[in-house]
Amino acid sequence: MPENRHSIFIEASAAEIFPQILLWGEANWWPEKSQMRFIKETSGDINVGTRYIQKVLLPFAPQWEVEVDCIVSNQKVGRKFLNGIFNGREYVELEPTAIGTKVNYVMNFEINGSVHKVLWNLFFRKLHDRNLTMILSSLKDFITKNK
């Protein structure tokens, strides 16, 4: 499966960062200008089985459902794609170092359908990459300001 990977280094411990990773998509630090929205479908705390609708905020843009399928405290939160444009999964994983933590966003995916493949290659991939850069930068700014 192809992989889409983005990383950022934050001078903070994994324990400081993890609560915000768990809130991915619905945290206060999520950039207002992000063109990706998460809408929680299940109530209560975030656990394995929590479901979201992910929407691209553009006219006629795709949306899909994901489900949290992995939570490893202070280390990793994963979501699998249930339908829509993607097959596969995405996760945010923390790699502690002596001076901080590397935050990795990884999406292992296949694109469903010919039209989606063309749109991904022409437009959505660049949008996705820009959004991930903005999201990770916003996370870093939030953690740094609130240390």
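The values are calculated or read from the model by the stated rules, or taken from the named source; none is laboratory data. For clarity, every value in this text was computed on a predicted model and none was experimentally measured. Cβ atoms come from the backbone with ideal geometry, glycine included; neighbour counts cover every protein chain shown.
Can you name the residue in region 57-114 that is part of a loop (DSSP other than H, G, I, E, B), of a type in the set (A, V, I, L, M, F, W, C) and within 16 Å of the chain's Cα centre (by Cα) and, of all such residues, is surrounded by the most Cβ atoms within 10 Å (Cβ to Cβ)?
Residues of region 57-114 part of a loop (DSSP other than H, G, I, E, B): 57-62, 73-75, 82-85, 97-100, 112-113.
Going one step further and asking which of them are of a type in the set (A, V, I, L, M, F, W, C), we end up with 57-58, 60-61, 82, 85, 98-99.
Now narrow it down to the ones that are within 16 Å of the chain's Cα centre (by Cα): 57, 82, 85.
Values: 57: 11, 82: 15, 85: 22.
Here the residue is 85.
Hey, can you tell me all the residues within region 134-147 that are farther than 17 Å from residue 38 by Cα and part of a helix (DSSP H, G or I)?
In the first step, residues of region 134-147 are kept if they are farther than 17 Å from residue 38 by Cα; the result is 137, 140-147.
Matches in region 134-147: 137, 140, 141, 142, 143, 144, 145.
I'm told residue 32 meets every condition in (1) surrounded by 18 or more Cβ atoms within 10 Å (Cβ to Cβ); (2) under 21 Å from residue 130 (Cα atoms) except one. Can you identify the failing condition by its number?
It fails just one condition, (1).
Can you find, within region 2-40, the residue that is modelled with the highest pLDDT among those that are of a type in the set (A, V, I, L, M) and more than 22 Å from residue 75 (Cβ to Cβ)? Lay out the reasoning, then the answer.
Step one: of region 2-40, the residues of a type in the set (A, V, I, L, M) are 8, 10, 12, 14-15, 17, 21-23, 27, 36, 39.
Add one more test, that the residue is more than 22 Å from residue 75 (Cβ to Cβ), and what stays is 36, 39.
Values: 36: 93, 39: 96.
Applying the filter and picking the extreme gives 39.
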